[in-house]
Structures are given as C-alpha cells and as structure tokens.
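A short worksheet on the structure shown next.
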Amino acid sequence: MDTRRVLVIGNLTIDDVVRPDGTVRMASPGGNVVYAALAARLWNPEVRIVTRRGDDLPGEILEVLRRLGVDTSGVRTIDGPTVRNWVVYEEDGRRRWLYRTPPERSREVAVQPGDILGGWLAGDPPPVVHVAAMPLTAAAGIVEHVRAHAPGALITLDTHEDWADPEAVVELAVRTDVFLPSREELTALAGYDDPPRAAAELRRRGVRAVVVKLGAEGALIDAEGLPGVRVAAYPVDVADTTGAGDTFCGAVAAALAAGLPLPDAVRRGAASAAWAVERFGSLALADLDPETARR
Ligand code: ADP
C-alpha cells in the first residue's frame, strides 16, 4: 500500500515553562499540534501542519518544523498575539497553569475548516488527517469538513481536557476512524475509571477503534478483532511528560498512513512518546533526524 500523506490540524500555543527550581524557559513552544506534527514527521516524509499563529510567534518554532521537513504552508498568520500559557512543573512532574490566554483570543486564533485548502485533502489514496487536541466544537467542525471533502480520509482524533459534553464527544468520535482519549478524558466521558470497560462501551456505541493512552502503563486498544489489547510503555526515566500524548498520537497517525496495522502503529506511538518523556522540553523530538531516528 502507498504511504498516505498526513495532515496534522490543531491550535498553536506557546507554553512558557517554570521549572521546580524557579527558572523559566520556553520549553514547549507550539503545543499539541506542533508536537503531533513533529512526531508524525519521524515516521512519514509528507506531513503538513495546518494551524494559525499570532504575528508575534518566534520564527524559530516554524524553523524547527521546516528543518525537520514538515510542510508549514498551512500555517496562517493572524494579527495580534499567539496563544500563550505559563505552566509550572511540580516536583512530581505534574503541570499547573499560572496564566492562560483568555478564551476569546484563543477562539480567534483557532484553526478553522476554511484553513484546509481543497488540494490538501485530495489524492489517491486520500490523506490521514490527525485532529490534535482542541476545543470540542472546533474539532467537530474540522471532522465535518474533512468527511465532506475527503470521504476516504482516515481521521485520528485526540481528546482535549476541556471537553465536557459526553454525548457530543461520542457523536464526534463515531465519525472518526481512530479515537485516542487519555485515561483522564475517557474517565470523564464514561463517568468511571475503568479503561477496558469504557473503551468497550464506546465501541458498542459505534466508535470504530479506541486507543486509550495510559501514561506509564502504555496504551489499550479496542477495535475490530482487537478487544482490549494492551501495548506496554517503554520503561524510561521521566524528565518531562509535556506533549507525550500529542507525540503518541502523531506517531500513530503517521504509522497508520504507512499502512501499519493498529497494534504496530500504537507501538510506534509508545516508542516516540517514550523518547519525548525522557527529555525536558517537547521540542526534544526536533533534535532527531527523521532519517536516522527510525533505526
Ligand atoms: P496524555 O498526555 O494524553 O495524557 P499519556 O500521559 O497517557 O498521554 O501518554 C501518552 C503515551 O506516552 C502513553 O500511552 C505511553 O506510551 C507514553 N508515556 C507517557 N508517560 C510515560 C512514561 N512515564 N514512561 C513511558 N512512556 C510514557
């Protein structure tokens, strides 16, 4: 099977990081969509990022993407500031937000279906489209648009911590090919913390394939012929878990684009995420050369 192109769609943010010792560094520039695109590029030569940036975005972020060979022609520049957050790392590695850009501004800079140009969805075979973590109505708009313009596209969907309407989430998930919730988001969705049971329940409600991200416990797949299959995480020393889920999802999407069966794609996701959590700063992946990293 031909390798399919990958579109990674989502919202760009700059997360300034305050370390436990009080020092500040811009370790997480880009947010979900950037980490997912970098991870996808590790496994696929044709990755385009579709997002919006403010006019103050440090050029180095796009430079990092371009250097790795991610196509940045889908990045639109909008007047005004880029979405910015301040995050503190506690001793146990957990994150706490000190400041977040007001929601009205975040909505202005949010990616829109119209940002996806028609040609990007064309082709035979049609692309794999990864919808990175974003607000629910925005994600629904993107999925709707992709389904309407490229019925054969394979859509992977990550969840977002602010999703609050379980019915609407399931409605959206059934329109995608692979749904990739984190354990926390699956628990919020189901109302109980039991990933195998919750994933099976989603399948009964029509979701084609569910891949639950379970942090250091790896991942759980529930799909046709793969009921409750576990994929182990790679044992690594954790430096920083920012972007683990995004990295995982981007790698899974790219592996599916290369025609890998779902369990193998999930193993690639786990390997890529392990590499990222071992290092401080989510752009750690950018230090990898895609040509050599795969070996
Ligand atoms: P999210 O950021 O969406 O909550 P997770 O924390 O579950 O996602 O991480 C996504 C994936 O990253 C996991 O499925 C696992 O493969 C990998 N991962 C996360 N934390 C660790 C860890 N401590 N050690 C090894 N792999 C990890």
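Every number here is computed from the coordinates shown, using simple stated rules; none is lab data. The shown structure was predicted, so the numbers you read here are calculated from the model rather than taken from an experiment. Because the Cβ atoms are built from the backbone with ideal geometry, glycine has one as well, and the counts that use them run over all protein chains shown.
Whole-Å semi-axes of region 116-267's equivalent ellipsoid, largest first, each the root of 5 times a Cα gyration tensor eigenvalue? Let's see the in-between values first.
Numbers: eigenvalues 107, 66, 47 Å².
In descending order, the three semi-axes are 23, 18, 15 Å.
When you take every Cα atom in region 17-168, what is the radius of gyration, and what is Dmax, the widest Cα pair distance, in Å?
When restricted to Cα atoms, region 17-168 yields Rg and Dmax of 16.4, 52 Å.
Could you work out [θ]222 nm for the chain from helices alone, using -39500 (n - 2.57) per DSSP H run of at least four and dividing by all its residues? Round to the nearest 500 deg cm²/dmol.
Values: 11 runs with 106 residues, N = 295.
Here the helix-only value at 222 nm equals -10500 deg cm²/dmol.
If a/c stays under 1.5 just call it rounded; otherwise compare a/b with b/c (prolate if a/b is bigger, oblate if not). Do that for region 86-128, with a ≥ b ≥ c from the square roots of the Cα gyration tensor eigenvalues. Please report the intermediate quantities before stating the final value.
Working: a/c = 7.94, a/b = 2.00, b/c = 3.97.
The shape class here is oblate.
Take peptides 33-39, 235-241 and line them up by average Cβ neighbours within 10 Å, highest first, as a rough protection proxy.
On the way: 33-39: 31.9, 235-241: 13.3.
Sorting 33-39, 235-241 by mean packing, highest first, produces 33-39, 235-241.
Sort 7-15, 151-159, 78-86 for me by packing, meaning the mean count of neighbouring Cβ atoms within 10 Å per residue, highest on top.
Working: 7-15: 26.4, 151-159: 21.9, 78-86: 16.7.
Sorting 7-15, 151-159, 78-86 by mean packing, highest first, produces 7-15, 151-159, 78-86.
For the chain, what are the per-bin percents of Cα-Cα distances with bins 10 Å wide, up to the bin holding the maximum?
Taking every Cα pair in the chain, the percentages come to 7, 31, 39, 21, 3, 0.
Where a ≥ b ≥ c are the square roots of the eigenvalues of the C-alpha gyration tensor, would you call region 80-164 rounded, which needs a/c under 1.5, or, failing that, prolate if a/b is larger than b/c, or oblate?
Numbers: a/c = 2.78, a/b = 1.94, b/c = 1.43.
Verdict is prolate for region 80-164.
Can you sort 203, 76 by how many other beta carbons sit within 10 Å, fewest first? Working shown, then result.
Working: 203 18, 76 15.
Ordered by Cβ neighbours within 10 Å, fewest first: 76, 203.
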